1. Quick one: what pairs do we get from segment 178-202, first residue at negative phi and acidic (D, E), second near the ligand (Cβ under 9 Å from one of its atoms) and open to solvent by 10 Å² or more (accessible area, probe 1.4 Å), C-beta under 8 Å, 6+ apart or different chains?
2. Failed condition for M64, given (1) farther than 25 Å from A306 by Cα; (2) assigned to a loop (DSSP other than H, G, I, E, B); (3) within 16 Å of the ligand (Cβ to nearest atom); (4) not hydroxyl-bearing (S, T, Y), with all others met?
3. Among the listed residues R217, R164, which satisfies the condition of being open to solvent by 10 Å² or more (accessible area, probe 1.4 Å), part of a helix (DSSP H, G or I) and touching a residue at least 24 places away in the same chain (Cβ under 8 Å)?
4. Which one of the conditions (1) away from the ligand (no atom under 13 Å from the Cβ); (2) buried (at least 17 other Cβ atoms within 10 Å of the Cβ); (3) farther than 26 Å from P368 by Cα does T175 fail to meet, given that it meets all the rest?
5. Looking only at segment 188-218, count every residue that is in contact with a Pro (Cβ under 8 Å, 6 or more places away or on another chain) and among the acidic types (D, E) and tell me the total.
6. Starting from segment 119-130, take each residue that is surrounded by 22 or more Cβ atoms within 10 Å (Cβ to Cβ) and list its partners that are among the aromatic types (F, W, Y), counting only C-beta distances under 6 angstrom and pairs at least six apart or across chains.
7. I'm trying to understand the selection: among the residues of segment 333-353, which are under 18 Å from S369 (Cβ atoms) and either assigned by TED's automatic domain parsing to the domain that holds G90 or of a type outside the set (G, A, S) (or both)?
8. Please go through segment 113-131 and give me each residue that is out of contact with any strand residue (DSSP E or B) (no Cβ under 6 Å at 6 or more places or on another chain) and of a type in the set (S, T, Y), ordered by number.
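The values are calculated or read from the model by the stated rules, or taken from the named source; none is laboratory data. Remember, predicted model here, so these are calculated numbers, not experimental data. Heads up, the Cβs are rebuilt from the backbone with ideal geometry, glycines too, and the neighbour counts pull from every protein chain shown. For accessibility, only protein heavy atoms count, side chains too; no ligands or nucleic acids. Shrake-Rupley method; radii C 1.70, N 1.55, O 1.52, S 1.80 Å.
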Amino acid sequence: MTTDVLDVIRTKRDGGELSDEQIRFFVEGYTAGTIADEQAAALCMAILLRDMGPRELATWTQAMIDSGERLDLSGVGRPTVDKHSTGGVGDKVSLALVPLVAACGAAVPQLSGRGLGHTGGTLDKMEAIPGWRATLPAERIVEQLRDVGAVICAASESLCPADRKLYALRDVTATVEAIPLIASSIMSKKIAEGTEALVLDVKVGSGAFLPELDRARRLAETMVELGRAHGVRTVALITDMDTPLGRACGNALEVAEAVEVLDGGGPPDLVEVTLALATEMCRLAGLPTDGPDGPAAVLADGRARAVWDRMVAAQGGDPRAPLPEAPIVHEVRAPAGGHLRRLDARAVGVAVWRLGAGRSRKEDPVSPSAGAVCLRKPGDRVEEGEPLLLLHADDEGRLPGALAALEGAIEVGPEPPAPRPLVVERIG
Ligand code: URA
């Protein structure tokens, strides 16, 4: 080896390009523990400030994949396709989408993480279902994909261990926002998971991880390129996250709403985004995108719901069991009559998090029942004093913080807001 860690940090600090050797030396050394956290933090900050070129990014991503095991899904007997969302408030799309696309004929290996900050994690939502288990050994994942076609479970510790360490470090060094680091973090996990195709839901708007459209677009383009370079057919939709998706935010509340969608109902915005993503996934998997076996028909006639029931039961859950309910429900009322012009996604996300539905540190527990229900959505007519939001809490002491988060988040005016498209752009 002709490089050393100071040389790697200096190269990037001074705006140079890292060689393939330098990248592999760093990723392998950091994963093995021979490179210290402070050195890795310095390099992440240099990358955030100086960016990475396409070759550096491809090598970095490959080194992250090579830091652990890859799942072999060649034996599942169906086309494999997955979806990843950059995270949003009320974003329970995966819960309905995974069984829906499985019911259309694909195998969907959704290996997920837990939520951190104001957007919830898919595993936290699923864990609101009595008995449901997030952890599955690799051979059970393959078996369940073969039998049911759908798995939502925790990614194993041996999948991209370099990303586990780097993501935790970035979280405490203000370097999460670097686009090459986000793209390589997300795509290394999805490529290592073994899926043949991938649809990315990149959120844009106040509740999104990257609120501005130009940055969301750059992230989407970078991930689509990375996927293709690694032989994974990849498409991205940029979707709106200025207001919560659907009405329910919070773990059990979101499960209940996803089940409404699987039963052929549910809020129209949630159904629209779910079907847009399902259509892209089916297209990439070579399955019908409309007609009697397309996603809309499969959702409407109960085939997707039947797969949900089997998927939940296969992981120990009872799909018909009552979900936990919060003892306290507090109404937030309209400050005036008129049209609801804004219900800010980030503020609702922070309120829900303060009610106990999310965590600040990865070891914190979450409340299954805390959350919020948006009774009205932007564009709706409202009367002064009518309830707009219901806050669900396990204890009264959580309410003041949640109400403070909502200050300035609700705007009512005489004119309706300009309509916003839900699917903003398609990349790929
Ligand atoms: N999600 C990830 O998995 N990684 C990131 O870097 C950001 C979001």
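1. D201/H84; D201/T86
2. M64 satisfies all of (1) farther than 25 Å from A306 by Cα; (2) assigned to a loop (DSSP other than H, G, I, E, B); (3) within 16 Å of the ligand (Cβ to nearest atom); (4) not hydroxyl-bearing (S, T, Y) except (2).
3. R217
4. (1)
5. Qualifying residue count, segment 188-218: 2.
6. Short answer, once both residue conditions are applied: M126/W132.
7. V348, V352, W353
8. T119 - this is the single residue of segment 113-131 that is out of contact with any strand residue (DSSP E or B) (no Cβ under 6 Å at 6 or more places or on another chain) and of a type in the set (S, T, Y).
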